[in-house]
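Asks: Take a look at the following structure, please.
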Amino acid sequence: MVKHVVDTRQLKDRKFLDGLFLLADEMQEQVRSHSVERKHEGKVVLNFFFQASMRTRTSFESAEQRLGADIVTIDNAEEFSSLFKGESLEQSFLATQGFFDTIVMRHPEDGSAKRAAYVLNIPFINAGDGKNQHPTQALLDLYTFRQKFQRIDNLKIGFLGDIRQGRTIRSLAYLLAHGENNELRFISPPELGLPDDMRSYLLNKGTKFYETEDLDAVLPNLDVLYVTRLQWEHVQDKEERRHLMEDYRRFQITSKRANRMGIDSIIMHPLPINREKSDGFPEITPDVDTNDRAWYFVQSRNGLYVRMALLNVLLTGYTNNLYNLILDVP
Ligand code: CP
């Protein structure tokens, strides 16, 4: 059966994660030594993007090209595909899937990735659907933990910021819930706190977690502080947006706060950091970028290696052992 990557709950098999990360290590080595095997020449990947993206789209494109595949990218797809003329996502994919070997999609609606996967008979990768899931981001996040700590278990992770609307936090928290003895702290203004579905999931899994607004009390005891920006584009009401942006300021990560963290701890962020549209209050101030704990650029670079590894698995298909360890879409 054809495999899709829609949700991190499909990727919880430890053998899958270990194997994928070993493959990502190989990809990293091959990129550094300019010796990537162009194993997928003759294949074509569609990158179908309805939402703005810098890292995800370009790292997928770079990964696809390095592996020898040709690419077709439709950016701003709401306007530049036939969805503009009223075609449904399903019809669009049914009509065009024969052109491609794999499809990567980012879309603003929760559940759109599942709809796409349902009709496709070629592998599909969710590059972010609404506030729901961003599974390749969670994979690269976990890979970064492994790089820093040589483990993906027994970690204390503080998720800071817009927990209610952030697909990266949901995706990563679900994967961490399947690890051993990971402890999660969710730090946010109350109106951007843990959604009920996430709380239920973590409770069901028996994951140790708590919710708090007291950032300064949490900082010294973390291995990882995972910061996210306020997803202001999801807040239509201007007054609510102004209120949230102001409330967000008390959670700003400055050098002073970064230095309250343990010497071996790290600060991660899926990026982008909102530096230009934050009224002068970015969630991480620029001086933190040069702090030894700032790992967000390393994290971003890891996206290339992890996406190369995942594409290798999906473009190879059922003859690859890891392919068969991807679980069904929930
Ligand atoms: N982290 C992430 O998804 O970044 P982009 O929106 O730039 O792809």
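Asks: Being away from the ligand (no atom under 15 Å from the Cβ) and among the aliphatic types (A, V, I, L, M) is the filter here, so list the residues in the range 281-324 that pass it.
Replies: Across the range 281-324, the qualifying residues are VAL288, ALA294, MET308, ALA309, LEU311, VAL313, LEU314, LEU315, LEU322.
Asks: Related question: Specify the residue that is farthest from the ligand (Cβ to nearest atom); the eligible residues are those in the range 224-272 that are of a type in the set (Phe, Trp, Tyr) and modelled with pLDDT of 95 or more.
Replies: PHE251
Asks: Across the range 118-138, what is the number of residues that are more than 16 Å from the ligand (Cβ to nearest atom) and within 19 Å of THR56 (Cα to Cα)?
Replies: 2
Asks: Would you tally the residues in the range 1-21 being assigned to a helix (DSSP H, G or I) and either touching a Phe, Trp or Tyr at 6+ places or on another chain (Cβ under 7 Å) or open to solvent by less than 10 Å² (accessible area, probe 1.4 Å) (or both)?
Replies: Result for the range 1-21: 8.
Asks: Something else: Taking the range 42-70 as the search range and keeping residues that are of a type in the set (Val, Ile, Thr) and more than 16 Å from the ligand (Cβ to nearest atom), which one is most open to solvent (accessible area, probe 1.4 Å)?
Replies: Ranking the qualifying residues of the range 42-70, first place goes to VAL44.
Asks: Collect the residues in the range 74-83 that are away from the ligand (no atom under 13 Å from the Cβ) and open to solvent by 50 Å² or more (accessible area, probe 1.4 Å), keeping them in residue-number order.
Replies: ASN76, GLU78, GLU79, PHE80, listed by residue number.
Asks: Across the range 131-148, what is the total count of residues that are open to solvent by 30 Å² or more (accessible area, probe 1.4 Å) and in a helix (DSSP H, G or I)?
Replies: The number of residues fulfilling the criteria is 3.
Asks: Quick one: would you say LYS39 is closer than 22 Å to GLN137 by Cα, of a type outside the set (A, V, I, L, M, F, W, C) and either at pLDDT 95 or above or more than 16 Å from the ligand (Cβ to nearest atom) (or both)?
Replies: Considered against the rule, which asks whether it is closer than 22 Å to GLN137 by Cα, of a type outside the set (A, V, I, L, M, F, W, C) and either at pLDDT 95 or above or more than 16 Å from the ligand (Cβ to nearest atom) (or both), LYS39 comes out as no.
Asks: Further question: Take ALA24 and decide whether it is more than 16 Å from the ligand (Cβ to nearest atom), open to solvent by 30 Å² or more (accessible area, probe 1.4 Å), assigned to a helix (DSSP H, G or I) and of a type in the set (Gly, Ala, Ser).
Replies: The answer is no for ALA24.
Asks: Here's a follow-up. Does any residue in the range 47-72 that is under 25 Å from VAL298 (Cβ atoms) come within less than 8 Å, Cβ to Cβ, of a residue that is open to solvent by 40 Å² or more (accessible area, probe 1.4 Å) and among the aliphatic types (A, V, I, L, M) six or more places away or on a different chain, and which pairs are these?
Replies: Listed by first residue and then by second, the contacts come to ASN47/ILE71; ASN47/VAL72; ASN47/ILE74; PHE49/ILE74; GLU61/ILE71; GLU64/ILE71; GLN65/ILE71.
The values are calculated or read from the model by the stated rules, or taken from the named source; none is laboratory data. Predicted, not measured: the structure shown is a model, and the values here were computed from it. Note that each Cβ is placed from the backbone with ideal geometry, even for glycine, and that neighbours are counted across all protein chains shown. Please note that ligands, DNA and RNA were not included when accessible areas were found on the heavy atoms of the full protein model with its side chains. Shrake-Rupley method; radii C 1.70, N 1.55, O 1.52, S 1.80 Å.
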